[in-house]
Amino acid sequence: MMTLARAVLVVAFLGVVACRAVLTEEGSVILDGNITLGGLFPVHSRGPNGVGCGEVKEEAGVQRMEAMLYAIDKINRDDTLLPGVTLGAHVLDTCSSDTHALGKAMTFFIKDRSVYDGPDTTGASVRDAVCKDGAPAFKKPRRPVVGVIGAASSSVSVNVANILRLFKIPQISYASTSAELSDKSRFDYFSRVVPPDTYQAQAMVDLAKELGWTYVSTVASEGNYGENGVETFAARARQNGVCIAASEKIDRHASDETFEDIIEYLGKTPKARAVIVFADEDDLKKLIAAAKRLGVDRHLLWVGSDSWGTKVTPVEGQEETAEGAITILFKSKTISEFDSYFTKLKPENNRRDVWFEEYWESHFHCRFNISSDSGTSAGLRRCTGKKTVSTDSGYVQEGKVQFVVDSVYAMAHALHDMRNDLCPGTTSGLCEEMEHWNNVHGEQFLEYIRNVTFRGIGGDTVAFNALGDGPGRYDIYQYQNKNGVYQYVPIGTWDDSRARRLSLRPSLLHWPGNQTMASPTSICSSECAPGERKIQQASACCWVCQRCERATQRLRDESTCEDCPEGQKPGANWTTCEDIRIRSVSWTSLYSSIPIVFSVLGILVVATVVGIYKVYSDTPVVRASGRELSYVLLAGIFLCYCMTFILLSPPSPVTCCVTRVFLGLGLAMCYSALLIKTNRIYRIFEDGKKSAKAVKWISPKSQLIFCALFVSIQLFAVVVWLVVDPPDTYVEYTAIESPDAVGVRRCNVSDTSLVISLAYNMLLVVLCTVYAFMTRNIPSSYNESKYIAFSMYTTCIVWLAFIPIFFGTAHSPEKMQIQVTTLTVSISMSGTVSLACLFAPKVYIILFQPHKNVRASSATKAAMVAKRWQQVARKRSEQRSSVSVVMRNGDLEVSSPEQPDMDIQKIPSSDTIVSTSDGKPVYRFGALVDRTTEVAESGVLTTNV
């Protein structure tokens, strides 16, 4: 069935092109050999409107074709590769057209044809590929083509491969990269030493992402290469977050106006500056020219595929427009030996290349045949053929020369291995088995091709994968202006075998009109700031940024905001939630250090006073001050100082409970003791004026009972409070809508409740102050009441200043330390005032005036009483009954002979010293303090007033 199909195809083709058989033979390069390899090269560009052939292509055409001839010459001279075998060639010009190439390729399948030496019917000068002396044409049998090198364009390779597979002729391409050709169900005889466009498309996507270009346009030439390349790029781009703004296709017969329309269409999306181009050399040149005419040369950022590579032709004459373009080319090296070979070629020594004179004319801008009446030759020099092709003349080795040579060598190595297997024992030439080539040999040849592995001319390993493709390795270039000279500068590489495939050197990048290292942008929308969500527009790469409605929301994804859990706020990147920082009082801060030092000193002073009182507990000063109440007062002051450490500790249920109990307890102990003292003084003076009866409840025991009663009221209230509202903590957050939100851990007690809990102590302070004020006019020698009064006045001032500061710093984390410090200082100051006013004078007498701290004799005490009564008597006019004052067992007993029913007043000596004035103790006698007496030497005081 296959044989019938091939026969029908050949007959049909011959019916079309039989009249052009001579032209087909003449438009080719033929080298005789034992084995013939076919070659397909775009020696010329497409003709006008896609018909016929156009201008000669110096780089992609002639250089590549000469690379094949160079490789064949090199192999034929190698005694280790196919020894005794001469490779021949049959090279055809595809004219960069798939239809033209298909017609040309049919000559590969016509057996028993002969080389014809005769005139070209078109009138062009043609030199026979066999005869060099111009001898008359003769016929010579031609060997069949066993394999084909080419083609360059993927669209040409697709069409030719469909024919070659029918005749089982293997094909190795040096430049066709369309991913379609990897489909071995359709192109089973096709192989290539270059990678497919799937790798190239991925390399372009990686490059765009590396440069931050997420919004690009694409331009493709019509055909397999361009359309499939862009399609593959678009698929990979979508997977990697790169969007296509516009996609344009260049028709096969596009005019200059069509190219301008394409450039104008690209300009409608000005944010998409990067343009990915999968186009052949001819379309590239016209596309750049259109951009130059429309003046958008500095706006568009070209990214060219391997068809652009490092070619000079597409940018010649329009270098400024192409400046900054990034191109991709298969990883290759410059073959210096080929440069030496090619630069030595001249028309006179390269007669086998029927197109070399045309190349020479194009390269040196001259003509070999110039007629005076030819308008087409006007202004051109005559070619002498004496010049030399060199870099000075503009020669640059084309980027795919290496791959042409590797393709020829791949077939040579496959033939060598095949001959070793089919011709065992043959060391030179071909055996009979290989002399008669048939379809069976084509199938075997394909297997040998797929299994070859050798080191290519560029030093890299040449091998084919299961799909007949080469490895994915690329060099990346940028077209730059270096000191007035435009050139392709290597800026990176891409290798699919590496973990990080793209290796780019940003320091080598240079953008026209940009003096900085920063790459120009090609994006639709800038990235949203932290805390902003994307509101998607028509394209996936275009959006509008909008902040989340609340500062407590995080970004669940790029376009959705959600609330963070309570106690958390968005993190730095706004995609996660993190705990809000809890601020607490720092013990190392100045706000804490001062109260701590103050409290420590206060505790030491309290301990010192307690020690002094303990040592001098039986001295008159200590006894007269009321030891029991003094110790209660000192205990309360100690608790006041200790509250500093509790209040500065991190809040917890335990510390909150301790704070509630001891905050009011210490103050209650202080003010209860002071209230008992001031009340007792007041009652002694006031009740004595009204009655001669003894004042009740003034003994030490009674005082302690009353003090305990007053303190228990505070404790009872606190216990009820703890039961009704158990202590716990909570976090109070401030500035929650701000990124600087902080929390303060507090006890579950409001500031108002805390102050109310001190209301009872404030009541005690007020009562103490009132009593102190009421006893302000007692005799100056009775000075303890004055100290108590001063202490209460100072305490009131402290707490009046405390309240506005405490509430003024509420609910402010920044001022939280000020609030706590104010509370601790106010409590410590309350204790310090009592300590300084009530205990400092007594400690001073005990330590520095011990002569005032001695017990007086009985006579002295009686004299003192008498003296006091005499002072009072002078102020009285009424007569008084006589009384007797007797000292017994350290107590004073007062009685009146004239009033037998008068109760004897016993005044304990330990309770009689009120103060020390002028070094003498002053006594108090309850209701008798306003009586006058005379002192008898017997110790009995009798008076008649």
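The values are calculated or read from the model by the stated rules, or taken from the named source; none is laboratory data. For clarity, every value in this text was computed on a predicted model and none was experimentally measured. Quick reminder, even Gly has a Cβ in these numbers, built from the backbone with ideal geometry, and neighbours come from all protein chains shown. Heavy atoms of the whole protein, side chains included, go into the accessibility calculation; ligands, DNA and RNA do not. Shrake-Rupley method; radii C 1.70, N 1.55, O 1.52, S 1.80 Å.
I'd like the full set of residues that are touching a helix residue (DSSP H, G or I) at 6+ places or on another chain (Cβ under 7 Å) and open to solvent by 60 Å² or more (accessible area, probe 1.4 Å), limited to segment 500-519.
Once the filter is applied, which keeps residues that are touching a helix residue (DSSP H, G or I) at 6+ places or on another chain (Cβ under 7 Å) and open to solvent by 60 Å² or more (accessible area, probe 1.4 Å), segment 500-519 yields Arg501, Met517.
Could you check segment 301-334 and list, in sequence order, the residues that are open to solvent by less than 10 Å² (accessible area, probe 1.4 Å), of a type in the set (A, V, I, L, M) and not in a helix (DSSP H, G or I)?
Once the filter is applied, which keeps residues that are open to solvent by less than 10 Å² (accessible area, probe 1.4 Å), of a type in the set (A, V, I, L, M) and not in a helix (DSSP H, G or I), segment 301-334 yields Val303, Ala325, Ile326, Ile328, Leu329.
For Gln478, are the conditions met, namely being part of a helix (DSSP H, G or I) and either under 20 Å from Trp308 (Cα atoms) or open to solvent by 30 Å² or more (accessible area, probe 1.4 Å) (or both)?
no
Is it the case that segment 491-499 has a residue that's over 30 Å from Pro471 (Cβ atoms) and surrounded by fewer than 17 Cβ atoms within 10 Å (Cβ to Cβ)?
No, segment 491-499 contains no residue that is over 30 Å from Pro471 (Cβ atoms) and surrounded by fewer than 17 Cβ atoms within 10 Å (Cβ to Cβ).
What residue, among those in segment 609-632 that are over 18 Å from Ile676 (Cβ atoms) and touching a residue at least 24 places away in the same chain (Cβ under 8 Å), is most open to solvent (accessible area, probe 1.4 Å)?
Tyr616
With the requirement that a residue be open to solvent by 30 Å² or more (accessible area, probe 1.4 Å) and among the aliphatic types (A, V, I, L, M), what does segment 395-425 give you?
Correct list: Val396, Leu422.
Which pairs have Cβ atoms under 8 Å, sit 6 or more apart or on different chains, and link a residue in segment 51-72 that is within 25 Å of Thr99 (Cβ to Cβ) and in contact (Cβ under 8 Å) with a residue 12 or more places away in the chain to one that is basic (Lys, Arg) and open to solvent by 10 Å² or more (accessible area, probe 1.4 Å)?
That search, which allows pairs on different chains as well, returns Cys53/Arg46; Gly54/Arg46; Glu59/Lys311; Ala60/Lys311.
Which of the following residues is at pLDDT 90 or above, part of a loop (DSSP other than H, G, I, E, B) and polar (S, T, N, Q): Thr521, Thr516, Thr575, Thr493?
Thr521
Every residue in segment 695-721 that is farther than 15 Å from Ala668 by Cα, in a helix (DSSP H, G or I) and aliphatic (A, V, I, L, M), please.
Hit for segment 695-721 is Val720, nothing else.
Sort out which residues of segment 540-570 are under 30 Å from Ala325 (Cα atoms) and either open to solvent by 30 Å² or more (accessible area, probe 1.4 Å) or outside any loop (DSSP other than H, G, I, E, B) (or both), and write them in order of number.
Ala540, Trp543
Hey, does segment 479-499 have a residue that's in contact (Cβ under 8 Å) with a residue 60 or more places away in the chain and within 27 Å of Tyr70 (Cβ to Cβ)?
Within segment 479-499, one or more residues are in contact (Cβ under 8 Å) with a residue 60 or more places away in the chain and within 27 Å of Tyr70 (Cβ to Cβ).
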